[in-house]
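Enquirer: Questions regarding the structure given below will be posed in turn.
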Amino acid sequence: MNGNIFAFEFFRNAVLASLLASIACGIVGSYVVVKKIGFISGGIAHTAFGGIGLGYYLGINPLFGVIPFSLGAAIAIGLLGRKAKVAEDTAIAAFWAVGMAVGVILIGLTPGYAPNLFSYLFGNILTVPTGDLWMIAMLDLVIAGVTWMFGKEFLAISFDEEYAEVSGVKTTLFYLLLLCLIALTVVILVRIVGIVLVIALLTIPAAIARVFSRSLGGMMLLATLFSAFFSLAGLWISYELDVASGATIIILAGAAFLMVHAGRLIISSRQAR
Amino acid sequence: MTREIVRCDRLGVELGGVRVLRDLSFSVVEGDFMAIVGPNGGGKTTLLRVLLGLQKASEGRVEVFGEAPGSHPEKIGYVPQRLFFDRDFPLGVREAVLMGRMALKTPFQHYSKTDRAAAEEALQLVGLGALGNRRIGALSGGELQRVLIARALAGKPELLLLDEPTASVDPEMKTSLYDLLDELKKSITILLVTHDTGTVSRFVGRVLCLNCGMVMRENPEGTPGGEVARQIYPYPVDLLVHHPSERPESNVKP
C-alpha cells in the first residue's frame, strides 16, 4: 500500500469510520448474538431502505431518512411481537419487504439519477464524509451510554426474561429499547457495509467473541476488537485488490467465523476420542 | 396475629380455552411451609405463575403481601423448574446469582458491594462458594439447580416459591436441598411445587393438593396420606413412611 495513503482525507475517514462503527458493533452485536435476534436486526436494516429512498426523494442525507425508518421498524416489530402476538418472523418479513418496496418507489419518484445508491446497499467505506463521522461518534455515545445505564436490565432480559419479569423489570420496554439500539447501529453500519450486509457485521464478530468470553462485557470488548480488525483488514485488502470494501469486510469476517468454529469442532472431537 | 402472605379467593384461570384452575381458595400465613402437589396438568405451575404476577387470574381474587401479584418483587424469591439458556452464554455463576438482587435496584442503579456480598453469601449457602467464577454453561444439572436457588435467596426474600426444584437432581442433592429448605423455613415462608410426596412429607407443614384445577383437600395431618394420594393421582400410590411434622394453624378451605 502507498505509505502516503493517510494523507488522503477519504482514507483517514474510512479508518475512523471503521473504528467508530466497531464500538457500536461490538456492544449491540453482543446482545444480538446472545439474545438470538439476528433476523430482527436484518429486518430493521432492510426496512431502513425505505428511509434511504425518503432521503433521496427529499434531497437530504439518506442517513437522516434511515434513522426514523429503522427506529420505527424496531418499535413496530417489537410491539407486534409482544403486544399483538404476531409471530415475530412474520412481522420481520412484512417490514423487511415493505421497507424495501417503499424505498424503490421513492427512489423511482425522485427525478434524475440516484447517486451512490449501490453504496447504501452494499456499503462503501471510502466515501464516508466527515459530517457522517460526527454522526457515527454521537450514536456511539448514545449506545454506550444507554448500555452503561441499563446494562443489568439488558443482561437480565437476554439471559432469563421470565426471571427479569418476576424481578419487576419492564421487560417489553427494555426489549424495545434494545431494538432501538440495534436500529441506531444499523444507521452507523449502513455507511460501512450497507443495508444488505449489516446483519453479518452485527452477528459475526460477536459470535466469534462469544467463544472466547466469560462475561458479556468481555464479549463486547472482544467483539469490538474483532469488528475493528475485520473492517480495517477488509478496507486494506479491498484497496489493494480494488474490490468492493463492504463485501470484502464481510467475506473476511465470514472466513474467520468458519475457521473458529471448525477449529472448535476439531478440538471437541479430539477431546471426545 | 400471624401475617397473611398469600390469599386466593375463588381463583380461576383459563388458558387457551382450557380451565386450568377453578374455584381455588386458600391462604398462606407467615412461616408456612406448604407443598403443592398433584398430577401433571393439575395447575401447580400456573398457580405459581399467578402468584408471581406472570399470569392473570380469569376470576376470583389473589393477593400477595396484601396487594395484587407482582407488586412486591423484592419480597419474593423464585426458583423455576428449569432454565432454558444457551450453554455458550458468557455469564459467570456469580453474575447469575447477582441477578437475584435485581428486584431491589432501580434501573439506573448498578450492583453495590452489599449486593455482591449477598450473592456470595447465597452461593455459600447452597454449597457453591468455590464455583463463583465458573461459566454457567459449564455446570452440571444439579449445580445449575443450586445456582437457581442461590439466585432466589440472594435478594433475601420473605416468600420463596419453588417449582419442582428436585426434578433434575440426584438423590444426594435432593436430601441436601430439603435440609436447606428445612433450615430456611425458620425465617422464610415457602411454597414448594413437587411430585416428591414421600420425602417432602417429612419437611412441610401443609400440603395443597391440586387436581384438575380444583383443591382436592388439605390433609389434616399435613401429609398426603395414601387415601389422598389415590384420589389425586390416576395410578396406584403407596406411601410407606409418615413423619408428620409440627404445623401451624391451618386455614385452608377444602
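Enquirer: Mind listing the long-range amide H neighbours of B:CYS209? Cut-off is under 5 Å, sequence gap 5 or more, other chains count too, H placed in the peptide plane at 1.01 Å from N.
Expert: When sequence neighbours closer than 5 places are left aside, the close amide H contacts are B:VAL37, B:MET216, B:ARG217.
Enquirer: A further question on this structure: Which cross-chain or sequence-distant (5 or more) residues have an amide H under 5 Å from the amide H of B:LEU21, H modelled 1.01 Å from N in plane?
Expert: Those qualifying (amide H under 5 Å, at least 5 residues apart or on another chain) are B:VAL13.
Enquirer: Sort A:ARG264, A:ARG12 so the one with the fewest other Cβ atoms within 10 Å of its own Cβ comes first.
Expert: A:ARG264, A:ARG12
Enquirer: Expressed as a whole number of Å, what is the distance separating the alpha-carbon centroids of the stretch A:126-201 and the stretch A:9-76?
Expert: Cα centroid to Cα centroid, the span is 10 Å.
Enquirer: Between A:LEU58 and B:SER112, how many nm apart are label points set 7 Å from Cα along the C-beta direction?
Expert: 4.6 nm
Enquirer: To make sure I understand, if each residue's beta carbon is the centre and we count other beta carbons within 10 Å, what order do A:TYR120, B:TYR178 fall in, fewest to most?
Expert: Lowest count first: B:TYR178, A:TYR120.
Enquirer: Another question, if that's okay. Could you tell me the ratio Rg/Rh of the protein assembly as shown? Both radii from Cα atoms, Rh via Kirkwood.
Expert: 1.07
Enquirer: Once you sort the root eigenvalues of the Cα gyration tensor of the stretch A:38-146 as a ≥ b ≥ c, which label holds: rounded (a/c under 1.5), prolate (a/b larger than b/c) or oblate (the other case)?
Expert: Note, shape of the stretch A:38-146 comes out oblate.
Enquirer: Nearest 0.05, what FRET efficiency do B:THR175 and A:ALA233 give at R0 = 56 Å with Cβ-Cβ as r?
Expert: For B:THR175 and A:ALA233, the calculated efficiency is 0.50.
Enquirer: On average, how many beta carbons from a partner chain sit within 10 Å of the beta carbon of a residue in A:155-163?
Expert: Mean number of neighbouring Cβ atoms from other chains: 6.
Enquirer: Taking each residue of A:31-40 in turn, how many C-beta atoms of other protein chains fall within 10 Å of its C-beta, and what is the average?
Expert: Per residue, the average neighbour count from other chains is 1.
Enquirer: Among all helices in chain A defined by DSSP H, which have a length of 20 Å or more along the axis from Cα atoms plus a Kyte-Doolittle mean of at least 0.5?
Expert: Flagged H segments are A:9-34, A:62-82, A:88-109, A:130-159, A:171-192, A:198-211, A:216-241, A:245-272.
Enquirer: Just to confirm my numbers, what's the Cα centroid distance between the stretch B:1-44 and the stretch B:102-176 in Å?
Expert: Using only Cα atoms to place each centre, the spacing works out to 25 Å.
Enquirer: How big, in percent, is the set of alpha carbon pairs in chain A lying more than 33 Å apart? Please report the intermediate quantities before stating the final value.
Expert: On the way: 7677 of 37128 pairs.
Above the 33 Å cut-off, chain A has 21 percent of its Cα pairs.
Enquirer: Within 10 Å of each Cβ in peptide A:218-225, how many partner chain Cβ atoms are there on average? Round it to a whole number, please.
Expert: 1
Enquirer: Related question: By count of other Cβ within 10 Å, fewest leading, how are A:ARG210, B:ARG19, B:ARG146 ordered?
Expert: B:ARG19, A:ARG210, B:ARG146
Enquirer: Over the alpha-carbon set of the stretch B:1-145, work out the extent along each principal axis and list the three values in angstrom, largest first.
Expert: Sorted largest first, the three principal extents are 47, 35, 30 Å.
Enquirer: Moving on. Given the DSSP H assignment, sum -39500 (n - 2.57) over each helix run of at least 4 residues in the protein assembly as shown and divide by its residue total; what's the result at 222 nm in deg cm²/dmol, nearest 500?
Expert: Numbers: 19 runs with 288 residues, N = 527.
When only DSSP H runs of four or more count, the value is -18000 deg cm²/dmol.
Enquirer: How large is ³J(HN,Hα), in whole Hz, for each residue of the stretch B:84-96 in order, when computed from phi with the Karplus curve 6.51 cos²θ - 1.76 cosθ + 1.60 and θ = phi - 60°, using x for Gly and Pro?
Expert: For the stretch B:84-96, the Karplus-derived couplings read 8, 8, 6, 4, 8, 4, x, 9, x, 4, 4, 5, 5 Hz, x marking Gly and Pro.
Enquirer: In addition: With +1 on each Lys and Arg Cβ and -1 on each Asp and Glu Cβ, and nothing else charged, work out how big the dipole of the stretch B:87-156 is about its Cα centre, in Debye to the nearest 20.
Expert: That gives the stretch B:87-156 a dipole magnitude of about 80 debye.
Enquirer: Calculate I(q)/I(0) for the stretch B:59-108 by the Debye formula, one identical point scatterer on each C-alpha and no solvent, and give its log10 at q = 0.14, 0.24, 0.30 Å⁻¹ to two decimals.
Expert: -0.55, -1.06, -1.20
All of the numbers you see were taken from the coordinates with simple rules; none came from a lab. Because the structure is predicted, anything quoted here is derived from the model rather than measured. When we count neighbours, we look across all protein chains shown, and the Cβ atoms used for this are built from the backbone with ideal geometry, even at glycine.
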